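As structure tokens, the structure follows; a few thoughts come after it.
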Amino acid sequence: MKSVFALPALCLAVLAMPFVAHAQAPVTLDAAIERALHANPTLRAGVNEAAAQEGAVAQAGALPNPELSLLREGQERDTRTSTVTLSIPIELGGKRAARIDAATQDRQLALIEADALRVQLRADTVAAFHDVHAAAERLRMAGEMAALAASSTHAAARRVEAGKVSPVDETRARVAEANARIDAMHATRDLETARMRLAALWGGDGAGLEIVAPAAGLPQAPPLDALLARLDAAPGMRLARAQVAQRTALARVEQARRTPDVNVIVGARREGPEQRNQAVLGVSVPLPLFDRNHGAVLAALRRVGRARDEQDAESVRLRSALTEAHARLQTARAEAQLIDAEILPGARSAAHAAQRGFEAGKFGFLDVLDAQRTLFQSHTQYLNAVAQCHRAAADIARLSGMPVDQENP
């Protein structure tokens, strides 16, 4: 039986060969989150947009520029008239304050969007990290199953040579071994894909990426009432409220534009043979006879209503999504615990007993094949349930902004 226990290590070594050339230092979950938060291109773009809004706020507070004009009438020196005026616009109706408020709300919206991106990125990193761990476990399990299938093939060949079983059993064993090797190939590909998805969160290369196995244990389902109670603080709701505030500020800008601005004109005029200087004073006021900005105000107010409706829709969506993710976490957690406590121990015991019984001539190869298939399916089902637990916990963290605790191993 020594060769049986040596084969898994050999199989795993062969499967890991494509990644040795690109080996990287193992990455912990905290390190993966830190990398993503510092190097994710989408998050960097959101942070840059929030920084750009600082300039927009400063620009919104700028006063309108005065206008200097020079008017010369006539060509003869004695009859020529020159007029120099300075037109100073004076904003009325609170336009400047409305602009500043709108720019401030734009900046606040950009900041909240960046915070929401951080929360989502953290949740995505946690889910991708656990996907890599699950894929690595599937590869390890596939290697063990391939080694076990190879051992069964050798045992079947020896029994065929001894005339104890039909050559059909050896053929079945070789088919099962080939299928096990195919499963190992698929597991290798799935692991590489999971590594690429994780590394893509910080713009890195997933080839050869290794992780430090997370602590054993499953995410604990927080009380649903507690999740729903803090729904107003969720990133999605904060973003929806910021959009309402931004649309409201833009509506005030449009309403302020209905009030005409005044231009105060001051200057000097020189005319006549004596070139006498005369003061020029005037006021220019637009007459809102045709364009009162009514259409723009109406459109802005309608968009405020739309933002409020979207806020209500976001509240309903978050409540439904949180409830669904909470149910998924509870179901997957119960499934994983049941498989780990009751199904896997029996499947392992049955597989080893069938293997030993087959080598001793007590069982047929179909019994061994069925026991191996049951063990593989049970372990795969367990890994899928654990991965579903972590995905549901990541969804809860993304939707609520509240990390999900993990039970002590």
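The values are calculated or read from the model by the stated rules, or taken from the named source; none is laboratory data. Because the structure is predicted, anything quoted here is derived from the model rather than measured. Every residue, glycine as well, gets a Cβ built from its backbone with ideal geometry; the counts of neighbours run over all protein chains shown.
Restricting attention to region 259-318 and to residues that are at pLDDT below 90 and in contact with a Ser or Thr (Cβ under 7 Å, 6 or more places away or on another chain), the residue that is nearest to residue 231 (Cα to Cα) turns out to be 280. For region 359-370, which positions are surrounded by fewer than 23 Cβ atoms within 10 Å (Cβ to Cβ) and either in a helix (DSSP H, G or I) or basic (Lys, Arg) (or both)? 359, 362, 366, 367, 369, 370 - these are the residues of region 359-370 that are surrounded by fewer than 23 Cβ atoms within 10 Å (Cβ to Cβ) and either in a helix (DSSP H, G or I) or basic (Lys, Arg) (or both).
Within region 238-263, residues that are of a type in the set (Asp, Glu) sit with their Cβ atoms under 6 Å from residues that are outside any loop (DSSP other than H, G, I, E, B), at 6+ positions apart or across chains, in these pairs: 254/296; 254/297; 254/300; 261/89. Among the residues of region 264-293, those identified as under 46 Å from the mean Cα position of the chain (by Cα) and in contact (Cβ under 8 Å) with a residue 24 or more places away in the chain are 292, 293.
Residues are listed down the side, and each one gets a yes or a no for (1) more than 38 Å from the chain's Cα centre (by Cα); (2) modelled with pLDDT under 75; (3) within 25 Å of residue 130 (Cβ to Cβ); (4) not in a helix (DSSP H, G or I):
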{"residue": "4", "(1), (2), (3), (4)": "yes, yes, no, no"}
{"residue": "23", "(1), (2), (3), (4)": "no, yes, yes, yes"}
{"residue": "35", "(1), (2), (3), (4)": "no, no, yes, no"}
{"residue": "63", "(1), (2), (3), (4)": "yes, no, no, yes"}
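When region 234-293 is filtered for residues that are out of contact with any strand residue (DSSP E or B) (no Cβ under 6 Å at 6 or more places or on another chain), of a type in the set (A, V, I, L, M, F, W, C) and surrounded by 15 or more Cβ atoms within 10 Å (Cβ to Cβ), the ones remaining, listed by number, are 234, 237, 239, 240, 242, 244, 245, 249, 250, 251, 253, 256. Taking region 163-210 as the search range and keeping residues that are in contact with a Ser or Thr (Cβ under 6 Å, 6 or more places away or on another chain), crowded, with 19+ Cβ neighbours inside 10 Å and of a type outside the set (Asp, Glu), which one is farthest from residue 134 (Cα to Cα)? By that ranking, first place goes to 173. The condition (being closer than 18 Å to residue 250 by Cβ and either surrounded by fewer than 20 Cβ atoms within 10 Å (Cβ to Cβ) or in contact (Cβ under 8 Å) with a residue 12 or more places away in the chain (or both)) is satisfied by just one residue among 131, 115, 124, 101: 101. Does residue 74 satisfy the criteria of being under 30 Å from residue 254 (Cβ atoms) and loosely packed, with under 15 Cβ neighbours inside 10 Å? No: the conditions fail for residue 74.
Condition (residue is under 30 Å from residue 313 (Cβ atoms), in a helix (DSSP H, G or I) and touching a Leu at 6+ places or on another chain (Cβ under 8 Å)) applied to region 247-260: is it met by at least one residue? Yes, that holds for at least one residue.
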